[in-house]
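Report on one structure; see the data block that follows.
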Amino acid sequence: MRLARFDNGDGIVRAGIVRGDSVSDLSATGLPADTVDIIAAWDLGQVEAALVDAPRSSLADVRLLAPVLPRKDVMAVGRNYRDHAAEFSASGFDASEKQVIPDHPVIFTKATSSVVGPDDPIVLANDPTGTTDYEGEMAVVIGKPARNVSEERALDHVFGWTIVNDVTARDLQKRHVQWFVGKSPDTFCPIGPWIVTVDELPDIGASWMRTTVNGELRQEAPIEALIFGVESLIATLSEVMTLEPGDVIATGTGKGVGIGFDPPVYLQGGDVVEVSIDRIGTLRNTAI
């Protein structure tokens, strides 16, 4: 299934299931409007029963929101593709680490206040340095609490997959050494367009991630090429903390980001960034 958050233009947030070119309103059937609550209590039979009477709207008539609004910072992984790790090291923008290929996952977070949804603008004025860059990524949404989970059992705790654009203020990232400030300006974490449940897409590694800017292909990478895969990331994080339903882990970006060009190519007003992943969909946002 494809779980989404949306409103009908009235400002009321609803949870729904996307089928074809329409969305069914689960909230109208008595299920929660917060997708975190739906994920935490996920019951496929209950959802299927609710869909029988749930009112449907055309996707063209609603506004899709970020499919999940995490209750803690979005977790993310740096330098998790070998080719991106090499281009990032060569750029000189990572002041925290001189090792090109990490021995362990490089984990950072993005503030929840940076989260926006599909078609929401990326506001360049929130980066005072004018060095805003894109990073297309596949993200994991946790479905069941996870603590001290082995790699072999990690996927049992996954609810599904979505797309994140890990938008970054590069000069701030470099200036502050720790990446939180450069990763967290408002509007710098688009998520969407929905969450595809793991039962519908069990072999996420077979999918490819592609990023275009104004229709020009910039990034293209297979999910299976991650240095640290989903199982490793969940095992690493859950060894020291409890992962909870609705938590989001952005798994890393591939080669082709703006700082990989010489000179760097940053986002400009009017640029349209589209991140697509096979069998999930496309996350589209315009820089303003």
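A few points about this structure:
- Theoretical FRET efficiency, 1/(1+(r/R0)^6), r = Cβ-Cβ of residue 82 and residue 21, R0 35 Å, to 0.05: 0.35
- In the stretch 203-252, Cα pairs under 8 Å separated by at least six residues give a relative contact order of 28 percent.
- Potential lengthening between residue 126 and residue 206 on full extension [0.36 nm per residue; Cα-Cα distance subtracted]: 25.2 nm
- Top of 27, 276, 184 by mean-square fluctuation, Gaussian network on the chain, Cα under 10 Å: 27
- Mean-square fluctuations from a GNM of the chain, with a 10 angstrom spring cutoff on Cα atoms, peak among 186, 119, 199 at 199.
- Sites residue 71 and residue 153 - FRET efficiency at Förster radius 22 Å, r taken between beta-carbons, to 0.05: 0.40
- Candidates 141, 115, 13: whichever shows maximal mean-square fluctuation once the chain is modelled as a Gaussian network with Cα springs under 10 Å: 13
- Using a probe radius of 1.4 angstrom, the carbon and sulfur fraction of the accessible surface of the chain is 50%.
- Spatially close lysines, pair count over the chain: Cα under 16 Å, gap of eight or more or interchain: 7
- Potential lengthening between residue 109 and residue 282 on full extension [0.36 nm per residue; Cα-Cα distance subtracted]: 60.0 nm
- Amide N of the stretch 127-141 lying under 20 Å from the label point, which is placed 7 angstrom from the Cα of residue 181 along Cα→Cβ: 127-134
- Contact order, relative form, for the chain: 24 percent (alpha carbon pairs under 8 Å, 6 or more residues apart, mean separation divided by residue count).
The values are calculated or read from the model by the stated rules, or taken from the named source; none is laboratory data. As the structure is a prediction and not an experimental result, all values here were calculated from the model. When we count neighbours, we look across all protein chains shown, and the Cβ atoms used for this are built from the backbone with ideal geometry, even at glycine. SASA here: full protein model, heavy atoms, side chains in, ligands and nucleic acids out. Shrake-Rupley method; radii C 1.70, N 1.55, O 1.52, S 1.80 Å.
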